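Below: the structure, in structure tokens.
Read the figures in this text as sums done on the coordinates, not as results from a lab. Quantities reported herein were computed from a predicted structural model and do not represent experimental measurements. Positions of Cβ are backbone-derived with ideal geometry, glycine not excepted, and every protein chain shown enters the neighbour counts.
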Amino acid sequence: MEIKNPEEEAVKFYANMFFYYSVYDGATDKTKAKCQFEYMLDKIVEEMKQ
């Protein structure tokens, strides 16, 4: 699988990952935070496939 603009995709991935680390750490509903993170990952993967 070839990734177009790998540096840009890495920034997008890691920025979101660290954002959701913070969300999870401060969340009272950890399950909801985890679901939001998983949804974001799915969206990024789908964008990378295009």
*Mind pulling the angle between the C-alpha long axis of helix 30-49 and the longest principal axis of the chain? Nearest 10 degrees, somewhere in 0 to 90.*
10
*Reachable lysines from K4, Cα under 28 Å, same-chain residues fewer than 8 places away excluded?*
K12, K34, K43, K49
*asked:* Between [x] 18, 15, 11; [y] 44, 9, 4; [z] 24, 12, 5, which entry matches semi-axes √(5λ) of the Cα gyration tensor in Å as derived from the coordinates of this structure?
replied: [z]
*If you keep only loop residues by DSSP, which GluC sites (Glu not before Pro) in the chain have at most 15 other Cβ atoms within 10 Å of their Cβ?*
E2
_Multiplying the sequence separation of A27 and Y14 by 0.36 nm and subtracting their Cα-Cα distance, what value in nm do you get?_
2.7 nm
*Total formal charge among the other residues, if their Cβ is under 15 angstrom from that of I44, Lys/Arg +1 and Asp/Glu -1*: -3
*asked:* From the helices alone, meaning DSSP H stretches of at least four residues, give me the mean residue ellipticity at 222 nm for the chain, per-run term -39500 (n - 2.57), in deg cm²/dmol to the nearest 500.
replied: -28500 deg cm²/dmol
*Add +1 for every Lys or Arg and -1 for every Asp or Glu among the other residues with Cβ under 12 Å from the Cβ of Y20, and state the total.*
+1
